[in-house]
Amino acid sequence: MNRRTLLLTLSVLLLAAASTWLSRRSEREEKQVEAERGTPVYFIGDFSATELGADGQPVRRLEGTHMSHFDHGQTVISEPHLTVYRPGEMPWEMTAKEGRAVDEGKQVQLTGGVRIWRSGPERTEITTATLNVTPERHYAETADPVTLLRPEGRLDAIGMQAFLDEERVVLHSNVKGTYETR
């Protein structure tokens, strides 16, 4: 075997070994993540669930592209869209890449491109990386950077508490804003 053939053969063998090693490593990591989450008790694709109040009116609606409920009580939702209704008011809506419902849905943790908004003439939109929501209390919070957009301007801050039923937002620190007069 000449030197060129030997180098080519060694390169192919090295590439095959590296590919096998990476493939096995990826499989091990996937199995580890699956083991940490547990085994799904059930899962649903393209779902919508609406909770009604005593008067028969919607209180909350949760939609998503996929939902898996695990035996340890956690529910993982892909592309969640949570709507929180208020009598006589425009609802608050929230979307994200992923959501996790814990404590039988009393706490919802949204992650990845979180957007929360309320339509209407006083439109308010908030974006952040993560958001912890307590739907029953109409409350949401994050320690991450947030951007709040309203018709009259923009505010940027680190950390936020949103009291949705009071239409009150508390920005925690490093607040910077732009106000536009009309």
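Starting from the Cα-Cα distance between Glu104 and Arg168, subtract it from 0.36 nm times their residue separation and give me the gain in nm to one decimal.
Value of the extension gain: 20.4 nm.
Rounded, prolate or oblate: which fits segment 78-138, taking a ≥ b ≥ c as square roots of the Cα gyration tensor eigenvalues, rounded meaning a/c under 1.5, else prolate when a/b beats b/c?
oblate
Using only the alpha carbons, work out the radius of gyration and Dmax of segment 40-179 in angstrom.
In order Rg, Dmax, the Cα atoms of segment 40-179 give 15.3, 50 Å.
Between Thr39 and Ala54, 0.36 nm times their residue separation minus their Cα-Cα distance comes to what?
So the extension gain works out to 1.9 nm.
Tell me, what HN-Hα J-couplings in whole Hz come from the Karplus equation 6.51 cos²θ - 1.76 cosθ + 1.60 at θ = phi - 60° for each residue of segment 80-93, using x for Gly and Pro?
x, 10, 9, 10, 10, 8, 9, x, x, 10, 5, x, 8, 10
Quick query: amide H of Tyr85 versus all other amide H atoms, modeled in the peptide plane; which residues come in under 5 Å with a sequence gap of 5 or more or a different chain?
Amide H neighbours of Tyr85: Arg60, Arg61.
What do you get when you divide the Cα radius of gyration of segment 95-174 by 2.2 N^0.38 Å, with N the number of residues?
Normalised by 2.2 N^0.38 Å, the Cα Rg of segment 95-174 equals 1.05.
Which of Met67, Met90 comes first, and how do the rest follow, when ranked by fewest Cβ neighbours within 10 Å?
Met90, Met67
Sort 138-147, 172-181 by packing, meaning the average of other beta carbons within 10 Å per residue, with the highest value first.
Highest mean packing first, the order is 138-147, 172-181.
Just subtract the alpha-carbon distance of Glu89 and His66 from 0.36 nm times their residue separation and send over the number in nm, one decimal.
5.4 nm
Tell me, what HN-Hα J-couplings in whole Hz come from the Karplus equation 6.51 cos²θ - 1.76 cosθ + 1.60 at θ = phi - 60° for each residue of segment 101-107, using x for Gly and Pro?
Ordered by residue, 3J(HN,Hα) equals 9, 10, 6, 6, x, 6, 10 Hz.
Where does each of 40-51, 68-79 land if you order them by average Cβ count within 10 Å, highest first?
68-79, 40-51
Which FRET efficiency value, to the nearest 0.05, do you get for Lys97 and Ser119 by plugging their Cβ-Cβ distance into 1/(1 + (r/R0)^6) with R0 = 25 Å?
Step by step, r from the Cβ atoms, then E = 0.70.
The numbers here are math on the coordinates, done by the rules we state, and not lab data. Remember, it's a predicted structure, so these values are computed and weren't measured experimentally. Quick reminder, even Gly has a Cβ in these numbers, built from the backbone with ideal geometry, and neighbours come from all protein chains shown.
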